[in-house]
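A short write-up of the structure that comes next.
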Amino acid sequence: MHQELEALLSKASYVVAFTGAGISAESGVPTYRGTDGVWNKYDPAKYADVGYFFQDPSYYWHFFKDVRYPVLQEASPNAGHHALVDLEKQGLLKALITQNIDGLHQEAGSRNVLELHGNTRSISCQGCGRSYGLDEARARLEEEHPPTCGDCRGLLKPDVVLFGESLPTDTLRRAEEESRSCDLFLSIGSSLVVQPAASMPAIAKQSGARLVIVNMEETPFDGKADLVIRDSASTVLSGIQGG
Ligand code: NAD
């Protein structure tokens with residue numbers, strides 16, 4: 001249990017959590033900026049860029065088959081994800097803003113999740129909009145590469161915000177509203193360098209909230225935070241009681 005965090009939680013009435021890749025690292029989903037070599041085999045400037053996706057979609061779909069799909073098949077929520085579910089059930093955590101695209105918060109049971117960058121478990125046809133799940137997309141890959149829609153032959157694309165695409169307007173607006181409304185903002189497992197997502201802690205702080213940063217490494221916002229905890233997300237979160 002982290003005493004300073006406990007004290008801030010006990011005084012709070014409206015908590016908003018903001019999560020990044022670090023909270024899923026202990027579920028076996030590598031971060032971009034970590035040293036794990038698995039994803040380094042593929043270049044994010046290619047598999048995560050919308051211009052490159054439409055130029056050469058087969059690159060993304062090789063990455064999907066080789067890395068993304070097996071990683072997501074194996075991954076399950078960890079103690080950090082579950083602790084945030086408990087905080088929400090207690091009525092203290094009002095919203096969970098995430099940059100993650102792995103769907104692990106929802107799998108753990110979190111309800112009010114605002115996904116700023118979409119969700120990679122859902123895939124859409126660029127022609128007719130038909131939606132495919134992870135396994136269905138994987139099965140389409142056995143038929144053709146890159147995969148197309150079984151109905152209209154349109155190209156399949158994951159429902160994630162790639163570099164070069166705009167964030168979903170309504171989700172971004174709601175995330176900003178929640179950041180303004182809270183009295184305690186918990187940033188967990190994010191390097192806080194990807195914009196505009198990383199502006200949320202600043203919005204919260206400017207609106208009078210206390211800011212807590214839980215991250216293994218330094219972030220550009222550490223100087224503005226009321227509390228910085230440099231430890232793993234699951235260790236810190238699984239020790240909190242809230243309420
Ligand atoms: P990031 O990779 O920039 O930073 C992750 C941070 O987490 C690092 O600073 C690291 O020190 C910290 N960290 C690593 N393990 C940790 C742990 N166990 N506990 C606490 N902190 C830990 O991630 P970001 O800030 O989310 O930005 C990267 C972008 O990449 C996002 O836009 C996101 O959409 C995408 N992404 C998502 C996933 C995912 O869905 N799981 C994974 C990789 C990248």
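Once amide H atoms are built 1.01 Å from N in the peptide plane, which residues 5 or more positions from THR19, or in another chain, come under 5 Å H to H?
HN-HN under 5 Å from THR19: ILE97, THR98, GLN99, ILE188.
At 1.4 Å probe size, with the rest of the protein present, what percent of the exposed accessible area of the range 1-130 is carbon and sulfur atoms?
Its accessible area is 48 percent carbon and sulfur atoms.
In sequence order, what are the phi-derived ³J(HN,Hα) couplings for the range 60-70 according to the Karplus relation 6.51 cos²θ - 1.76 cosθ + 1.60 with θ = phi - 60°, rounded to whole Hz, with x for glycine and proline?
Whole-Hz 3J(HN,Hα) from phi for the range 60-70: 4, 6, 5, 4, 4, 5, 7, 10, 4, 4, x.
From the phi angles alone, apply the Karplus equation (6.51, -1.76, 1.60; θ = phi - 60°) to the range 122-137 and give each ³J(HN,Hα) in whole Hz, x where the residue is Gly or Pro.
10, 10, 10, 6, 6, x, 9, x, 4, 9, 10, x, 4, 5, 5, 5
With Kirkwood's inverse mean 1/r over C-alpha pairs for Rh, give me the Rg to Rh ratio of the chain, two decimals please.
Taking Rh as the inverse mean 1/r over Cα pairs, Rg/Rh reads 0.99.
What percentage of the solvent-accessible surface of the range 195-243, computed with a 1.4 Å probe over protein heavy atoms, is contributed by carbon and sulfur atoms?
Within the range 195-243, the accessible surface is 45 percent carbon and sulfur.
Positive end of the charge dipole of the chain (Lys, Arg +1 and Asp, Glu -1 on Cβ, about the Cα centre): tell me which of GLN206, ILE188, CYS125 has its Cα farthest that way.
Most positive-ward Cα: GLN206.
State in Å² the accessible area per residue of the chain; use a 1.4 Å probe, count heavy atoms of protein chains only, and round to the nearest integer.
Per-residue accessible area for the chain comes out at 45 Å².
Each residue of the range 51-59 in turn: what ³J(HN,Hα) in whole Hz from Karplus with 6.51, -1.76, 1.60 and θ = phi - 60°, glycine and Pro shown as x?
x, 5, 4, 7, 6, 8, x, 5, 4
Give me the dipole magnitude in Debye, nearest 20, for the chain about the Cα centre, with unit charges on the beta carbon: positive for Lys and Arg, negative for Asp and Glu.
Computed about the Cα centre, the dipole is about 380 debye.
Have a look at ILE97, PHE163, TYR59 and report the one farthest towards the positive end of the charge dipole of the chain, computed about the Cα centre with Cβ charges (Lys/Arg +1, Asp/Glu -1).
After comparing all options, I get ILE97.
Spit out the partnerless Cys residues in the chain, using Cβ distances under 4.7 Å as the pairing rule.
Unpaired cysteines in the chain: CYS182.
Classify the range 1-103 as rounded, prolate or oblate, taking a ≥ b ≥ c as the square roots of the eigenvalues of its Cα gyration tensor: rounded when a/c is under 1.5, otherwise prolate if a/b is larger than b/c and oblate if not.
prolate
If you place +1 on the Cβ of every Lys and Arg, -1 on the Cβ of every Asp and Glu, and leave all else neutral, what size is the dipole of the range 1-126 about its Cα centre, to the nearest 20 Debye?
Dipole of the range 1-126, to the nearest 20 debye: 220 debye.
If you place +1 on the Cβ of every Lys and Arg, -1 on the Cβ of every Asp and Glu, and leave all else neutral, what size is the dipole of the range 54-145 about its Cα centre, to the nearest 20 Debye?
My answer is approximately 340 debye.
Which FRET efficiency value, to the nearest 0.05, do you get for VAL50 and LYS11 by plugging their Cβ-Cβ distance into 1/(1 + (r/R0)^6) with R0 = 45 Å?
After rounding, the FRET efficiency stands at 0.55.
The values are calculated or read from the model by the stated rules, or taken from the named source; none is laboratory data. Keep in mind that this is a model prediction, so the values were computed, not measured. Neighbour counts are summed over all protein chains in view; Cβ atoms, including those assigned to glycine, are modelled from backbone coordinates with ideal geometry. The protein model used for the area step is the full one, side chains on, heavy atoms only, and it has no ligands, DNA or RNA in it. Shrake-Rupley method; radii C 1.70, N 1.55, O 1.52, S 1.80 Å.
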